[in-house]
Amino acid sequence: MTIIDGIEHIKKKYPYPVLTIGNFDGVHLGHQEIFRMVIERAKKKKGTSVVFTFEPHPLRVIAPERAPSRLTPFKSKAELIKRYGIDVLICANFTKEFAMMTAEDFVHDILWDAVGVKEVFVGENYLFGKGRRGSPELLKELGSEYGFKVTAVPAITYNNIVLSSSKVRSLIAKGKVDEAPLFLGRHYSVEGVVIEGAKRGKALLHIPTANISTSNELLPMDGVYAVKVKLDKKSFGGAANIGFNPTFMQMKPSFEVHIFDFDGEIVGKEIDVEFVKRIRDEKKFSGADELARQMRHDIEEIKAILKNKH
């Protein structure tokens, strides 16, 4: 997949571009269905499937106080879009100046002149341009004028619930990570780097944990989780804890993972944690011994959960 970072770097015209526009945070099943339509149409026309997105999220610029926590940082979003088979990803730098561009100018200057779009697929409720005055109806009018086709895709639902990034955010924030795959088509995952921690896990509890620093804006609610860990291109089961470790009266929140069947030096390494199921709240124990007993119990429960997931 070709990534074009900034509209000023659109330097060439691709064969028969079939394009979709959106923020695509989380790359959920609704987004994936639109990608499937775009790819299918591009293949039929021997053309190019294109995703046009924005960075940062437009609300970060227009109304920062209303901006949602991101499900997928740009790097993760790009990797997912590539995984689903898109040919070209164009990422516009969303600035205050860009936000002032009218829907008509966006279509003429970018979609038509710069990209040379032939077909556009958008969600039926998608709005764009200054004041969010652009709509699928306006796109169709402009498409008739310039000579490109527009398909408005109806909202995609699961059990009568519209698939949306906000719905996924709500599930994650409530710790309902086991429901996320129904909307994402995969487990919710968080990428990070292993950092030095308090070293209580190995020294005091005899259960080593990896402390993780992440740029992901949305972690599941505090608690203990069954997780799958990707490290050095290998997969492991694991038990994750998010919170303040109340037994030790920790002041700052932490995100740590005990990786099953692993005992290596990993500080500084990149790690990917997939959340499978939340098993309990954080709890304050009488001391290290009681906490270690509970952790061993959690590990056995999690191993059974992960075994049944295979």
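The values are calculated or read from the model by the stated rules, or taken from the named source; none is laboratory data. None of the values given here were measured: they were computed from a predicted structure. Backbone-built Cβ (ideal geometry, glycine too); neighbour counts: all protein chains shown.
All of Gly268, Gly264 fail the test of being outside any strand (DSSP E or B) and at negative phi, apart from Gly264. Any residue in the range 250-260 that is closer than 17 Å to Val190 by Cβ, in contact (Cβ under 8 Å) with a residue 12 or more places away in the chain, of a type in the set (Gly, Ala, Ser) and in a loop (DSSP other than H, G, I, E, B)? Looking for residues that are closer than 17 Å to Val190 by Cβ, in contact (Cβ under 8 Å) with a residue 12 or more places away in the chain, of a type in the set (Gly, Ala, Ser) and in a loop (DSSP other than H, G, I, E, B), one finds none in the range 250-260, hence no.
When the criteria are applied in full, Ala292 fails the requirement of being within 18 Å of Gly237 (Cα to Cα) and out of contact with any strand residue (DSSP E or B) (no Cβ under 8 Å at 6 or more places or on another chain).
For the condition within 30 Å of Ile302 (Cα to Cα) and out of contact with any Lys or Arg (no Cβ under 9 Å at 6 or more places or on another chain), Ser164 qualifies.
Residue count for the range 81-108, restricted to those that are part of a helix (DSSP H, G or I) and surrounded by 20 or more Cβ atoms within 10 Å (Cβ to Cβ): 3. Apart from one condition, Ile110 fits all of (1) under 28 Å from Arg66 (Cβ atoms); (2) within 25 Å of the chain's Cα centre (by Cα); (3) touching a residue at least 24 places away in the same chain (Cβ under 8 Å); the exception is (2). Take the conditions (1) of a type in the set (Gly, Ala, Ser); (2) touching a strand residue (DSSP E or B) at 6+ places or on another chain (Cβ under 9 Å); (3) in contact (Cβ under 8 Å) with a residue 60 or more places away in the chain; Ser69 misses just one of them, which is (2). Considering only residues in the range 111-130 that are charged (D, E, K, R) and touching a Lys or Arg at 6+ places or on another chain (Cβ under 8 Å), the one that is farthest from Val38 (Cα to Cα) turns out to be Lys118.
Every listed requirement among (1) closer than 27 Å to Phe106 by Cβ; (2) crowded, with 16+ Cβ neighbours inside 10 Å is met by Pro154 save one, (2).
Against the condition touching a helix residue (DSSP H, G or I) at 6+ places or on another chain (Cβ under 6 Å), not assigned by TED's automatic domain parsing to the domain that holds Phe94 and not small (Gly, Ala, Ser), how does Val168 come out, does it pass?
On the way: touching a helix residue (DSSP H, G or I) at 6+ places or on another chain (Cβ under 6 Å): yes; not assigned by TED's automatic domain parsing to the domain that holds Phe94: yes; not small (Gly, Ala, Ser): yes.
Yes; evaluated as a whole, the condition is true for this residue.
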